[in-house]
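First the structure, in the form of structure tokens, and then the observations on it.
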Amino acid sequence: MSRRARRDALVFLAFATPNLVLIAMFTYRPLILNIQYSMLDWTLGSRSASFIGLGNYLEFFTSDEGLESLRITAIFTLLTVGGAMVLGLLIALALNIDIPGRTVARSAVFAPYVLSGVGVGLVWLFIFDPNFGVLAWILRQLGLGSPQWFLDPDMSLVMVIVVYVWKNLGYCAIVYLGGLQSLSQDVMQAAQIDGAGAVRRFFSIALPLLSPTTFFLLITTTLNSLQAFDLLRIMTPTGRGTNTMIFESYLQAFGGYSRAGYSATISVLLFVILLVMTVAQILFVEKKVHYS
């Protein structure tokens, strides 16, 4: 190895080592410890724990509560990711039109995304209140009664999905807007000259060219939805009907059960699901992406 190569290697190690040590301490060490805890029958706060192997995993996949948490996680993720991306794309198309006030409209659309999930949840609690909420008042004017958003588990899930999509669709809209503005206008104008209508130009040209943007949003919004917690915790503290896997993990450890080992098991399973979905998206979905 030449003198210059050794010097470059030392410089690399000097800059990279502190970061690698921090990542190992605060990311991979907790991950490894969590896997270890997932095989224990351990009550939170207890100084003793017994090794039970895969007992917690078997309990999760054979219990009604575990399967229900998986079902709710799947429904919540599918509807929030699909809803935010579809509505975000429609809003991006509207914001891409050259009309007065579109800068203000873009800021207004993006604003909910940067707001605290706790604050957003508290505001929407007043809106969904079945007795005094704005939504209940509107329904009364139409001669309709308000659903029991907080007592009916199915309606509780609908409620948090609506709020989560509202909060995050601005992110999808702004990212899609950037993708729309980067499209080649020469291609769009050539298609228009050839007689292609607006709908045909969108589905045959714009949408395929937006596939890198769609792929990016699909990964990021899926990861975010699977890790959504603050909004669910504020709007439905008991998790009845809204206990996604990450929420169920919190409830098992801190919600009165104090089952730290079982909570760690759910966290490990969620990590595996996130990893598998991300790798699958990169391996299979990315093949349908057009980068040029």
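Bear in mind that the values in this text are calculations on the coordinates, not laboratory data. These numbers were taken from a predicted model, which means no experiment stands behind them. Neighbour counts run over all protein chains shown; Cβ positions are idealised from the backbone, glycine included.
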Cut-off 19 Å (backbone N to label point 7 Å along Cα→Cβ of residue 254), residues of segment 93-121: 116-121
Just 182, 211, 267 to compare: in a GNM of the chain, with alpha carbon springs under 10 Å, which one fluctuates most? 182
Could you work out how far apart the two model spin labels at residue 14 and residue 141 are, taking each label as a point 7 Å from the Cα in the direction of the beta carbon, and quote it in nm? 6.8
Which FRET efficiency value, to the nearest 0.05, is calculated for residue 200 and residue 102 with the Förster distance at 35 angstrom and r the Cβ-Cβ distance? 0.90
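Efficiency by 1/(1 + (r/R0)^6): what FRET value for residue 285 and residue 151, r their Cβ-Cβ distance, R0 = 41 Å, to the nearest 0.05? If you can, show how the numbers build up before the last one.
Values: r = 39 Å, r/R0 = 0.95.
Calculated transfer efficiency: 0.55.
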